[in-house]
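Take a look at the structure below.
Bear in mind that the values in this text are calculations on the coordinates, not laboratory data. Everything numeric in this text was worked out from a predicted model, so none of it was measured. For neighbour counting, all protein chains shown are included, and Cβ atoms are generated from backbone atoms with ideal geometry for every residue, glycine included.
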Amino acid sequence: MEVREEQVIASLLDKDPELKKYYEEHQELERKLAEFQHKHHLSPDEEVEKKRLQKLKLLGKDKIMEILGRHRQAGAIQ
């Protein structure tokens, strides 16, 4: 995510529990994916798990962006 998006999200986390949930999940998935990046070789099972986590992370980001869009429409953010 871009720095501006991160700042907006940070400002809304305490006000929007749904956003907070998806953001925390996104951060956790990012951490798990980083573990795979540090490995030189992934087993077939690890490759499958990495792809699964990437898809979940993308779905979560889409949801975060949807929530941010609702906040923009409501005039809560610019």
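Estimated purely from DSSP H runs of n ≥ 4, each contributing -39500 (n - 2.57), the mean residue ellipticity at 222 nm for the chain is -27000 deg cm²/dmol once divided by its residues.
In order along segment 53-70, phi translates into HN-Hα couplings of 5, 4, 5, 4, 5, 5, 4, x, 5, 4, 5, 4, 5, 4, 5, 4, x, 5 Hz, rounded to whole numbers, per the Karplus curve 6.51 cos²θ - 1.76 cosθ + 1.60 with θ = phi - 60° and x for Gly and Pro. Rounded to the nearest 10 degrees, the inclination of helix 3-12 to the longest alpha-carbon principal axis of the chain is 60 degrees.
Tell me, what is the percent relative contact order of the chain, built from C-alpha pairs under 8 Å that lie six or more residues apart? Relative contact order, the chain: 35 percent.
Filter the trypsin sites (Lys or Arg not before Pro) in the chain down to the DSSP loop ones having no more than 16 other Cβ atoms within 10 Å, then list what survives. Hits after loop and neighbour filter: K15, K39. Listed by chain and number, the lysines placed with their C-alpha closer than 18 angstrom to that of K57 are K20, K21, K32; residues fewer than eight positions away on the same chain are left out.
Quote the charge dipole size of the chain about the Cα centre in Debye, to the nearest 20; the model charges only the Cβ of Lys and Arg (+1) and of Asp and Glu (-1). Present the calculation step by step, with values, prior to reporting the outcome.
Numbers: 16 positive and 17 negative charges, 36 e Å.
In total the dipole reaches around 180 debye.
At full extension, E24 and K39 could sit 3.0 nm farther apart than now, given 0.36 nm per residue minus the alpha carbon distance. Here the calculated FRET efficiency for M1 and A74, from their Cβ-Cβ distance with R0 = 22 Å, stands at 0.60, rounded to the nearest 0.05.
Against the set [x] 14.8, 47; [y] 11.6, 31; [z] 12.4, 45, the structure's computed Rg and Dmax of the Cα atoms in Å falls on [x].
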